[in-house]
Amino acid sequence: MFKPQDTPRIFGLAPGVDFPRGLVRGLCDRLENDPPEAMARVELIVNTNRMARRLRHDFDAGPAGFLPRIRLITDLDALAPGVALPAPTPPLQRRLELIQLVSRLLDAAPDLAPRESLYALSDSLAGLIDEMQGEGVSPETVAGLDVGHLSAHWERAQRFLAIAHDYLGQTTTRPDAEARRRQLVARIIVRWQDNPPQHPVILAGSTGSRGTTALLMEAVARLPQGAIILPGFDFEMPTAVWNELDQALLAEDHPQYRFRKLMNMLGVSRGAIEPWCDMPAVSMARNTLLSLSLRPAPVTHAWLNEGPKLNDLHGATADITLIEAPTPRVEALAIALRLRQAAEDGVKAALITPDRMLTRQVTAALDRWNILPDDSAGMPLQLSPPGRFLRHVAALFLRKLDAEALLTLLKHPLTHSGAGRNFHQLYTQRLEAEIRRHGLPYPDAEGLTEIAERTAKRMEDPSGFRDWIAWVGETFPGHDAPGERPLPDCVAAHLALANRIAAGQPADPDHLLWQHGAGIAAQGVMENLTEHAVHGGAMNAADYADLLGALLSQEEVREADTPHPDIMIWGTMEARVQGADLVILGGLNEGTWPEAPPPDPWLNRQMREKAGLLLPERRVGLSAHDYQQAIASPEVWITRAIRSDEAEMVPSRWLNRLGNLLGGLGETGGPEAWKAMQQRGSYWLDQVRALEAVERTAPAPRPSPRPPRAARPRKLSVTEIKTLIRDPYAVYAKHSLKLRAINPLVQSPDAPVRGIVLHRIMEDFVKLVARDPARLTHEALLEVAAQVLEEEAPWPAARAMWLARIDRIADWFIARERTRAEFSSPVAFEQGARGSHTFADLGFTLSGFADRIDQTDDGDVLIYDYKTGTPPGKKEQRLFDKQLLIEAAMVERGGFPEVGVAHVAHAAFIGLGSKPVEVPAPLDEESPQEVLAGLHALLSRYLDEGQGFTARRMVQSDAFAGNYDQLARFGEWDGTTAAKPENLE
């Protein structure tokens, strides 16, 4: 295939040339006059499976013939048959061993790093070990660095690097994948030096950015019939600029730097690199413009000399569209609109971006037109249904089961995914309704059984529900436990519980957890973890959950649905070996493209340079090379968001360079070309605005419904009178519409719950003192409080806080109780102090409970109501909060059977907040007759069909939040909006 030569053989393909297609054409052209079997002797080494598939596809599309032997660069055993090396240490085993070593170091020296950084440090250390092996850097080289000015940091880092030193010492006999790969390359080179292959060996598509790969490329290039083919080689860059790239510290981030480094390694000049085939670039003018814009920073003065010579700027940028969207959402919609147009026109289009959030937004936007793009990355396994299920199950070992976690798992599509799932879904809905209605913050077997018995009374055949609840009670609660246990036990317990939950109540072995693509992938992860768990030592539940999440996040699964054949989403690596008519470069902002280099906890930039490790600019240079290749496509879109949710975004450095270069070429039309790119983008931004345009709807009026008299409430509680005065709409929604607010799934220790608990504490304590006056002590009150809190408050933090609050007000309350005991004694409490009053002429009944009713020896009644917050003042009681005034009037009318007809001498709110206070009701300012008369007038008015129930009529403050504000569409109107009465039939 090749003529003999003494120098290494290197070829290149320019940016914009379809690399796989150009590779095939070059092979066919060179073997055109050779016999057909000559192609079968060619050994073609490529860097990805995707490229290998593409090459086979392109060969299949041509005339019938033989295929070359296509191998992956990672499949080195095929290049060196007979070379005996130990099998590599499994990656998971290696990771678990490193985790154990780092964990022991943190246990011995906890000041080195927080425990939460265990996995991040282990992964970072593993990455450093891989890099050292790939670049051929020994631990002694790193340990011998001169770091006198970094002694404090270096002392900490050395403790961890000692682990790397010991680990690398074992890789000779127990090599990991990277160490074995370098050993194989070394043996291949030795074998080829003694007995080089005489058939063509071609390594294509690699840039030589990693040390081991560069060594193999050098060996291939020196073979008698060997050659390397470089992708995206810039033939337009002058030789002088190539020479400038020798300054590594200044040029590492240049897209062609890796090629210059390879040329220096092989000892060849720029002139020795020839085009692999005669396929031209899409636009030579564009390639020249881009090459100039990407010059290394120290030589950008060439813009002044070479820029004016670019005389076809319009042609270079004619097929480039620049989208500068105000937000990421608008950017995603613009991209989706263009992809939709491409699908309609039959144009092959690809979105290329490292921003996975952008790709998800674009995919979601395309869904409105039923277009599913072919996403090369797929979905992270941890976000798939099996991945989420396994993480939810692992969380059961981590913390006490609460209602939200229980319902999350019960509603998961893989829970009870075998026989009887329909009943499982029905029973889950009933369980959720009961939890919301009655509360069950931390479900356990006893609480679930109570729900089953309560619900069974309303069911015709409750046996199925009872059995299902028993399964839930036996399966889900009680797995949280402190301490550590061996990793194999953690994995076994996790798998057993996951299978039990997936199999459901009938224990159906044919559940769906391990089925389909994602399930099979998840099963593979768990089997791998089970196999190597013995190397993981002991872990607590939190560490195991973190490990599981990390392992699942490393895997990706493809959707089973058939994607659109011409709409693709590619990562930057996939884009290197693919071609499309329309290429969209998305997310071209700093920090996204190029991505910010990850922090290095071990070595700074200067230390890396001295040790011979990769510099942070390497990642930037690779991204720049991807950019240079992609932007040379036939039609190109460049998109970015001007602002994210948090702050304004900075354009990518490459986009800035292109804009600055064009902006300075006024004489040759540079500014006009840039403006034309923006105008083409503005058209599509206008399309997005048109797509998102909505017709303004008039805001809802402030409601004041007027239901018929028959639909108006005829019974209210005493506490609802305040609501009727302040927010009549809430009374209408509750009693006329029969609507009730849905309680939160997770019952929290909020003010209502705190009030219920505090009322019971005070009632139990006062009853205790009534039986034994000697128990009127601080200690007795705290004892009662602790007992009630243990029964009624399942939140440890809230129990401690509430008990401390009672401790603070205990002396004040006991002193007041001693004073009350001198002239009265309790006769009724909340459950027994139930009263009512009927307005016969209105057909209206008022009911209520008094927290506590005391009576003097003279028969006078004292009414008390406990408040956990600030009690209402006298003026507020007269106008709005008339609870005590109404209860007093009811007592004097005999409304409380436990008390009978009696005179109310005193009524007061007992505030038990942070500042305890007793606020009396203004009984002397408003007599019972006046209270009932005013109440009669109020109720008469709201029984009149002409009176509307106005929303938020007299709320205490704008911050007031009612249960029915959303129903009233509050927010479309405010307190200054006039109410709009509406007659209802």
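No value in this document is a laboratory result; all are computed from the given coordinates. The structure displayed is predicted, hence computed values, not measured ones. As a convention, Cβ positions derive from the backbone with ideal geometry for all residues, glycine included, and neighbour counts pool all protein chains shown.
Okay, here's what the table says:
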| quantity | calculated |
| --- | --- |
| Label-to-label distance, nm, for residues given as Thr7 and Leu737 (7 Å Cα→Cβ offset) | 8.4 nm |
| Hits among lysines - C-alpha to C-alpha of Lys722 under 27 Å, sequence gap 8 or more where chains match | Lys734, Lys738, Lys867, Lys874, Lys875, Lys882, Lys915, Lys980 |
| Listed residue (Leu661, Thr819, Leu161) projecting farthest to the positive dipole end of the chain, Cβ model | Leu661 |
| Virtual spin-label span in nm between Glu876 and Ala492, 7 Å along Cα→Cβ | 6.2 nm |
| Residues Arg69 and Ala596, FRET efficiency given R0 of 51 Å [Cβ-Cβ distance, rounded to 0.05] | 0.80 |
| Förster radius 56 Å - calculated FRET efficiency between Asp807 and Arg696, Cβ distance, rounded to 0.05 | 0.45 |
| Cα long-axis angle, helix 385-396 against the chain (0 to 90 degrees, to the nearest 10) | 50 degrees |
| Considering only the chain, percent of DSSP beta bridges that pair antiparallel, nearest 5 | 35 percent |
| Point-to-point label distance, Thr838-Arg969, nm (Cα→Cβ direction, 7 Å offset) | 4.1 nm |
| Full-extension gain in nm, Ser717 to Glu779, via 0.36 nm per residue minus C-alpha separation | 18.7 nm |
| Residues His535, His494, sorted so that the one with the fewest Cβ neighbours within 10 Å comes first | His535, His494 |
| Gyration tensor (alpha-carbon) shape descriptor, region 381-557, a/c threshold 1.5 | prolate |
| Euclidean distance between Cα centres, region 67-106 to region 408-466, Å | 49 Å |
| Exposure proxy order (Cβ contacts within 10 Å, fewest to most) of Leu426, Leu495, Leu390 | Leu426, Leu495, Leu390 |
| Value of [θ]222 nm, deg cm²/dmol, for the chain, DSSP H segments ≥ 4, -39500 (n - 2.57) each, nearest 500 | -14500 deg cm²/dmol |
| Extension gain, Phe423 back to Arg941 (0.36 nm per residue minus Cα-Cα distance, nm) | 181.5 nm |
| Cβ-based exposure ranking for Trp593, Trp514, Trp637, in which fewest neighbours within 10 Å come first | Trp514, Trp593, Trp637 |
| Overall form of region 731-831 per C-alpha gyration tensor (a/c, 1.5; a/b vs b/c) | oblate |
| Rel. contact order, % - alpha carbon contacts under 8 angstrom, at least six apart, the chain | 14 percent |
| Prolate/oblate/rounded label for region 706-784 (Cα gyration tensor, a/c 1.5) | prolate |
| FRET efficiency for Ala507 and Ala481, using Cβ-Cβ distance with R0 set to 25 Å, rounded to 0.05 | 0.55 |
| Fully extended contour minus Cα-Cα distance, from Gln956 to Arg454, at 0.36 nm per residue | 176.8 nm |
